[in-house]
1. Name the residues in region 428-445 that are touching a residue at least 40 places away in the same chain (Cβ under 8 Å) and either farther than 22 Å from residue 203 by Cα or not in a strand (DSSP E or B) (or both), would you?
2. Of all residues in region 135-151, which are surrounded by fewer than 20 Cβ atoms within 10 Å (Cβ to Cβ) and within 31 Å of the chain's Cα centre (by Cα)?
3. Find the strands (runs of 3 or more DSSP E) located wholly in region 66-142 whose residues include 1 or more that are closer than 19 Å to residue 572 by Cβ and modelled with pLDDT of 95 or more, and list them.
4. Pull up region 206-222, narrow it to residues that are closer than 21 Å to residue 423 by Cβ and crowded, with 22+ Cβ neighbours inside 10 Å, then point me to the one that is modelled with the lowest pLDDT.
5. Could you check region 225-246 and list, in sequence order, the residues that are buried (at least 23 other Cβ atoms within 10 Å of the Cβ), in a loop (DSSP other than H, G, I, E, B) and at pLDDT 95 or above?
6. Under 8 Å between Cβ atoms, at least 6 apart or on separate chains: pull out the pairs that start in region 319-344 with a residue that is exposed (fewer than 13 other Cβ atoms within 10 Å of the Cβ) and end on any residue that is modelled with pLDDT of 90 or more.
7. Residues in region 33-51: is at least one assigned by TED's automatic domain parsing to the domain that holds residue 152, within 21 Å of residue 180 (Cα to Cα) and at pLDDT 95 or above?
C-alpha cells in the first residue's frame, strides 16, 4: 500500500529497520552514527518542540545548513505537523538569503552554526525564532534564539499526544516545501511541492534505476537544499533503508570516498568530469606503453558496453550479453586499468546517478567501460525533480533516459520539452503571473529544447533561451560545445557567447588543479594566477585544447576567439550556483566589456587563433 505522505513513507522504513544506521557523519575527525529508531524519536521531539513554539499547518520554516542529520530531522518534523520547509543554500550571501526568507513568508529558521546565525542577524528578516544546530561556545538560549538541542528537550517535555494520528491524516496534496529556483536567469521563484509530488517521483524512479538495497551505503555531498539530492539522495534512500553518509564538504570527497567506501552515489556532472580529466591527464603524461594499455582497455570496455546496449533483457538477466572472448579481455583490462579508478572511488561503487546538468557522452561511456554504471537523468525543481532517467537495463549514453512511467512528455513545435504528471508543482509561491507563464493548460513548460529518439530516449539540447542566433542566420546551441571543451583536464568551465554576432567566442576558466602542476613542469614558477594565464605557453595550451575538443563541430560552431578568465569562478564569487552550474547572466554581465572589446577588435578571424587574458573583475 502506498504511503499517503512522506512521514508515513519513513515510518514504514523505521518499523522494518529500527536498529540500522540511517546516517553517518563526521565530527572532530570521527564518524558518528544514528539509527532509524533514534532518527524517528528525534523527529517526534523536534515536531513537538515546533508545535509548542506555535508552528502549525502551512507555517513556513527555513533550513539554512549544510547536510547533517539535523537537516532531515527538521524536514520530517515540519512535514509531520503539516508545516512547510523552505531550504536555503548556506553559501548564499545575506541579501539573497533575506530575499528568500521574505518571499517565503518564513516565521522561523534553523541555522547550522555561528556563520549562518550571523548572516540572519545581519539581515532585516523578521523572524519569530532562530534555532542553531551547532551553537558557538557560550551561546545563550533566549526567548526567540535557541539551540537545536534545547528545542529537542522542549519537545520531549511537551510531547504531542496525538502526533501519530495527525501525521497519518496528512494527504498527498499537502504542501511540503517551497524550493526556490537557482535564479540563473532572474530572481528566484518559489516552487510549491507537495508530499504527493515527491512520493510519485520516489515511486517512479525505483521502477527504472539501479536496484537500491537496504544494505547500500550512499555518500551524500550535494546540498539537501537542492531538489535533486533531497529526492534522489534522501527521500528515495530513506524509503528503502539505506545508510546515508554525509561528506564533510565538496573539497573532501576523495578522502570521504576512501573512508565510507559507498556502494551508490548521486552527483552532478562536474564530479565525473573531474575524475575523467584526472585520469586522462595521468595517462597523457605517462609512457607510450601506459597510453597504449589504457586506450586498449577503454576500447574493450566500450565494446562491452555496446554488447550490453544491444542485448535483450533475457540475455542481461542470464549474464549472456558478453561473448566469452570479450569477457576474458575485459577481466584483463579490469586488472590492469579499471580497478585503479574504482579504488579511488572507494572500491565498492556499483552505480551512480547523474543529474543537475548534461553529462558528456564520452565520459558516460568511460564509466560504463569500467563497469561503473552512470544513470543520467533529467528534471527540474518544478517537477520534484525527475522527468526522465536511464534505466539500468539499456542505459543509453548521450541521452537523459526514458520518461518515468507515471509522467507524460511531449515536444512542442519549437522543440521545447513539455511535461505533465503527479510530480509537477502546484505553482510558484505568491507569483501567479510566473505560474501562468509556465503552463500551457496542464502541461508544464520546461524551457529546455529536446528531442526524443525512436526508442523513446530524451536528449536535451540546451535551454530554449540559450540558442544563439548569429548575424549570419546560423543557430548555435552552446551546451554541446561547452561540454566538449570541458573534457579538457585544463579547463574547469567554459561559456560560449555570441548572440547576434558574426561568430561565437568562448570564455574559459582554467582548472587550476591540473593547470598549476602543468605550469610548474614547464618551468613557469609564478604563483599568480593572472601571470600564469598571461604566459604564452599557457595561452597556447588552452588555445590548443579548445581547438582539439571542438574539432568535430561545424565551422560556425567553433569559437573564433578564446577569452581566458584568470580568476576562479566559484559559488562564493557568484559565477556558479550551489550545484555548480554557471550563472550565465552574471558571467555575461561581469565580462560584458571584455566580450564587446573582443568583437570590436577584429571581426575577420576564421579560426580560434586569438587568446585574450582577462585580469581581475570586469564590469
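1. 428, 429, 430, 431, 434, 438
2. Selection gives 136, 147, 149.
3. Numbers: elements: 84-88, 106-111, 129-132.
Output list reads 84-88, 106-111.
4. Let us first name the residues in region 206-222 that are closer than 21 Å to residue 423 by Cβ, namely 206-210, 212, 222.
Then keep just the ones that are crowded, with 22+ Cβ neighbours inside 10 Å; that gives 209, 222.
Values: 209: 68, 222: 90.
Filtering first and then ranking leaves 209.
5. 242
6. none
7. Checked against the condition, which is being assigned by TED's automatic domain parsing to the domain that holds residue 152, within 21 Å of residue 180 (Cα to Cα) and at pLDDT 95 or above, region 33-51 yields no hits at all.
The values are calculated or read from the model by the stated rules, or taken from the named source; none is laboratory data. Quantities reported herein were computed from a predicted structural model and do not represent experimental measurements. Using ideal geometry, Cβ is built from the backbone for each residue, glycine included, and neighbour counts are taken over all protein chains shown.
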